[in-house]
Structures are given as C-alpha cells and as structure tokens.
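This report concerns only the one structure given below.
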Amino acid sequence: MRKNILITGGAGNIGGSLARRLVSNPEYNIVIVDNLSTGKINKLPNDDYKNWKFIKADVNDFNDIAPIIISGNFDYIFHYAAVVGVQRTLNNPKLVLNDIEGIKNILDLAKNTDVKRVFYSSSSEVYGEPVEIPQREETTPLNSRLPYAIVKNIGEAFCRTYKKEFGLKYTIFRFFNTYGPLQSKDFVISRFIDRAINNDDLIIYGDGSQTRTFCYIDDNLDFTEVVIGKDLCVNDVVNVGSDIEVKIIDLAKLVKNVTNSQSKIVHQQPLKEGDMSRRKPDNTIMKSILNRELIQLENGIHRTYQFIKKEIEDNHSQITG
C-alpha cells in the first residue's frame, strides 16, 4: 500500500530536493504545498513522475491548509515551510513570527487525521552563540534571541507538547547549512558560486574568521530516507549536518578555486546581529545511521557549481536559440 506524504515548503531547497528524491519511490504518493513567497516552481519534481501533485497554499492560513490535510489521508507530514535567510528574517521579524500559526495548524490537523509522524525542520540557529562545541542535541543550551531561532524553538516545544498531550509522534531535524543545486542565492555557498561565475566580488562580513559547517543535500536526503524506511528517530531531535568546520574566508577561497574565478574577496563591516561566531554539530546520530562519511565540501561545491553552470548555459541557449 502506498504511503501518502505531505511536504510543506516543497518548492524550496530542502523541501524541493526531498520531493524530487521521494517521488522516485513508487511506494510514495507525494503532495507538495508551498505559497511560493520564496519557493520556485522549477524546484518541483519532474513531470515524468505521476505520483505527486503541487498545491499552492499557505500553511499559516488554517482555511487554506485544512482541506488539504483533512482529505489527504497522510501517513507522514514534513513541515519544512518557513521564512528563511538571515537578512530576510532579520528584516521581517513579524513575518517570521507568523510561522508559529503554521506550526500550530499542521500539528492540530495532524493529530486529528491519524498522521503517523510529523517531521519538523528546525535549525542550528536555535543554539545561538556557542556555549559548547560540538553542539549536542540533549545538553547544549538553546540561547538565541533572534525571532527566527525563537520560532524554531517554539516549534520544537509544540512537537513535544503534542506528543505528550495527544500522542502525535514527531522527529525534529536541526539542519546545519544544507546546500546544493536548488538552494537560492540568499545563502552563502550559492551566493558565492553565483558571483564567482560572473567574476563579481565575494562579500564577507567581518574578517571571515567565523566558522560554519556545510552539509551537501544528498547527505541530508540519504539520512532522511533511512529514517523513514527504518522508522528511526521517533520522538527525537537530531542534528543534521557536517561536523567539519570551515572559516568563511576559506570557503570563499575554495569557491574561487573550484570555479576558477577571478573574483576578488572583499570585506565589509560585520553584521550587527545574526552572524554567530561558530557552528559545529555533534552529528554522531546522523553518521551512525548513514554508516558512512559525509560528502566533502569541495566535492559538494563542485557538484553545485556544475549544476548552476549548466542551468545558466541552458537558459542562454534558450534565449539565443
């Protein structure tokens, strides 16, 4: 019997990539929801697959999302819809806070329609400035005061509460900078690659000594597939990301090298908020489930670069052809 799966935010980077991966499994029937405020239609799966459909809807509007879930008979819901991007979330805090309504809507509808489990996309941002490195799911304090991180933390609390109150199972994924071909230019790797292709300056805020870890999308998706297929991480929170730290200045140099770009690295004033000094997860659970090492950063950047380069070439051919 086919499993019915709903993916909210399914026209975004991780949601769209997940939809593209899951439709290749004929045992899944996928419904994708996105309001297209930042998502793009071209991130949806290939029309060659017949086991999916897209519905433009806003999960923050109960009247918009309720008919979809009530009629969908969903086994799993991946709630990935959210306002994302450092600058966007800093500039639109009220828009970010509205996402609390979407979380409530999804959980209320899920617990009333026999959904087996809700997968919730949290973020490394919940950790704020590092209290300990690596950042551990169970022991590291969640100390960020930014609206985006606060909303993610509230979402986690909602998941735990609905399990305790109504028995609704959940899995919380704390994503650490998942990048890949479908990522928008609001994020550092895709922005660097886009600018490097055009030999434009690579802008770094501050001296570039701040560190991040970067997880290639295939690692994220492989992990998610195993979690679904083997029914793992039930009622648990899991860091999903690489444990290899890289300085942003070194990331810029690596992108220049991979793309053979003539771009200059230009430093600007540090961001006033939102640019934490370090990020590094304890990803023991993820690596034990995958049972392999993660894709190296240079390899992932090369794959992403080749995809973006081909997309640019194809667009150019369409225009000139």
In degrees, nearest 10, the alpha-carbon axis of helix 62-72 is tilted away from the dominant principal axis of the alpha carbons of the chain by 70
Simple SL model, points at 7 angstrom along Cα→Cβ for PHE62 and MET1; separation in nm is 3.0
Ranked on Cβ counts within 10 Å of their own Cβ, fewest leading, VAL226, VAL33 go VAL226, VAL33
If every Lys and Arg gets +1 and every Asp and Glu gets -1 at its Cβ, then about the Cα centre the stretch 28-113 yields a dipole, in debye to the nearest 20, of 180
For the stretch 169-239, the dipole about the Cα centre with charges only on Cβ (Lys and Arg +1, Asp and Glu -1), to the nearest 20 debye, works out at 180
Treating only Lys and Arg (+1) and Asp and Glu (-1) as charged, each at its beta carbon, one finds that the chain has a dipole about its Cα centre, in Debye to the nearest 20, of 60
Comparing ASN73, ASN112, ASN13 in a Gaussian network model of the chain (Cα, 10 Å), the one with the largest mean-square fluctuation is ASN112
Projected onto the charge dipole of the stretch 1-159 (unit charges on the beta-carbon of Lys, Arg, Asp and Glu, signs +1, +1, -1, -1), the Cα from LEU142, SER123, ALA157 with the largest positive-side position is that of SER123
Helix 297-320: inclination vs the chain longest Cα principal axis, degrees, rounded to 10, gives 90
Measuring from the longest principal axis of the C-alpha atoms of the chain, the long axis of helix 248-259 (C-alpha) lies at a number of degrees, nearest 10, equal to 80
Comparing ARG174, ARG21, ARG278 in a Gaussian network model of the chain (Cα, 10 Å), the one with the largest mean-square fluctuation is ARG21
Projected onto the charge dipole of the stretch 186-243 (unit charges on the beta-carbon of Lys, Arg, Asp and Glu, signs +1, +1, -1, -1), the Cα from PHE187, GLY206, GLY229 with the largest positive-side position is that of GLY206
A correct fewest-to-most ranking of ILE172, ILE41, ILE14, ILE295 by other Cβ atoms within 10 Å would be ILE41, ILE295, ILE172, ILE14
Once Lys and Arg are counted +1 and Asp and Glu -1 for all other residues with Cβ under 10 Å from that of VAL126, the total becomes 0
Options (1) 36, 19, 17; (2) 31, 24, 19; (3) 40, 25, 17 for semi-axes √(5λ) of the Cα gyration tensor in Å; the value derived from the coordinates is listed as (2)
Neighbour-count ranking for VAL83, VAL118 (other C-beta within 10 angstrom, fewest to most) reads VAL83, VAL118
Once the in-chain neighbours fewer than 8 apart are removed, the lysines whose Cα is under 23 Å from LYS50 read LYS3, LYS40
Across the stretch 156-314, qualifying lysine pairs (alpha carbons under 21 Å, at least 8 places apart or different chains) come out at 21
Reduced to Cα centres, the span from the stretch 16-59 to the stretch 151-165 in Å works out to 26
Rounded to the nearest 500, the 222 nm mean residue ellipticity computed for the chain from DSSP H runs (n ≥ 4, each -39500 (n - 2.57)) alone is -12500 deg cm²/dmol
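Quick note: the coordinates plus some simple rules give every number you see, no bench work behind them. In this text the structure is predicted, and so the values were computed from the model without any measurement. We place every Cβ from the backbone using ideal geometry, glycine too, and count neighbours over all the protein chains shown.
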